1. Given an 8 Å cut-off on Cα distances and at least 6 residues of separation, report the relative contact order of the chain as a percent.
2. Once you have the alpha carbon radius of gyration of segment 9-184, what is it after dividing by 2.2 N^0.38 Å, with N set to its residue count?
3. Kirkwood hydrodynamic radius for segment 127-202: how many Å is it when counted over pairs of different Cα atoms?
4. Hey, if you drop one equal point scatterer on each alpha-carbon of segment 102-145 and run the Debye formula without solvent, what base-10 log of I(q)/I(0) do you get at q = 0.16, 0.21, 0.29, 0.34 Å⁻¹?
5. Order these by the 10 Å Cβ neighbour count, fewest first: 285, 221, 69.
6. Between segment 248-290 and segment 33-72, how far is it from one alpha carbon centroid to the other, in angstrom?
7. Give me 287, 24 sorted ascending by neighbouring Cβ count inside 10 Å, so fewest comes first.
8. For residue 235 and residue 196, FRET efficiency with R0 = 30 Å and r from the beta-carbon atoms, rounded to 0.05?
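No lab work stands behind these numbers, since they all come straight from the coordinates. Remember, it's a predicted structure, so these values are computed and weren't measured experimentally. Here the Cβ positions follow ideal geometry from the backbone for every residue, glycine too, while neighbour counts run over all protein chains shown.
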């Protein structure tokens, strides 16, 4: 059983404010991504790990919101969990479950798929918190509407959220539009851009680099199969490269050979094990790029 909430000074944003807890939403089905978004990696860390790390020094406790069938997932099982109760669908289900678990807490709710989110954006949200309002949220830099998945929900929002869902609505953004919400401008306009598709993931990977290792020369053995073998005119080669990740390496090779397939259409194996496009490469690694069967 969870202990009662006792608000330490560090958990309070202002005198009289409810203690602030963090909730990382990781219960989505990742349908458009076609793989678990929480497990996507940037610079060697999963999105879920990074979100928890961002929240931990800013709030009293951090929880991960999961569906019932995700509780044993090795990545999610590393963290405190709050399990959806089935009262609603989508992100608002996680918010309802968190408010039911700790009704006297305010919740800083964060989507797990915000790879460009920085600590200053979260710190600005906390500094601007209005505990007398139902919520504090950023205006989207794209359409000016509230951003519901990087926002603080006060205890006073609980009944309103439940009424919102009871009326057949499950969109947290629409709740914020109609609630007593303090809206803020984003200090960094792109910080709340999320990643929903393989192409969006690839674009962000191109922006998120490993600066400490990107200039190190490595000898990498590369093998090509099917269509890539035809387009490269060879089945294998050994090369010296400054590429820090498999994605960097493929883009370098794509500038050399007339490869027609985007990275998102391929699988990559490093040292005979399927890997991630963003994992670091070491000197002496063996990399295999594998097209879909239909591509060869």
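1. Numbers: 535 pairs, mean separation 48.4, N = 296.
Reported relative contact order: 16 percent.
2. Working: Rg = 15.1 Å, N = 176, 2.2 N^0.38 = 15.7 Å.
With N residues counted in segment 9-184, Rg over 2.2 N^0.38 Å equals 0.96.
3. Numbers: mean 1/r = 0.0750 Å⁻¹.
Across segment 127-202, the inverse of the average 1/r is 13.3 Å.
4. -0.53, -0.89, -1.30, -1.31
5. Ordered by Cβ neighbours within 10 Å, fewest first: 69, 221, 285.
6. Distance between centres, Cα-based: 25 Å.
7. On the way: 287 20, 24 30.
Ascending number of Cβ neighbours within 10 Å: 287, 24.
8. Numbers: r = 36 Å, r/R0 = 1.19.
Rounded to the nearest 0.05, the efficiency is 0.25.
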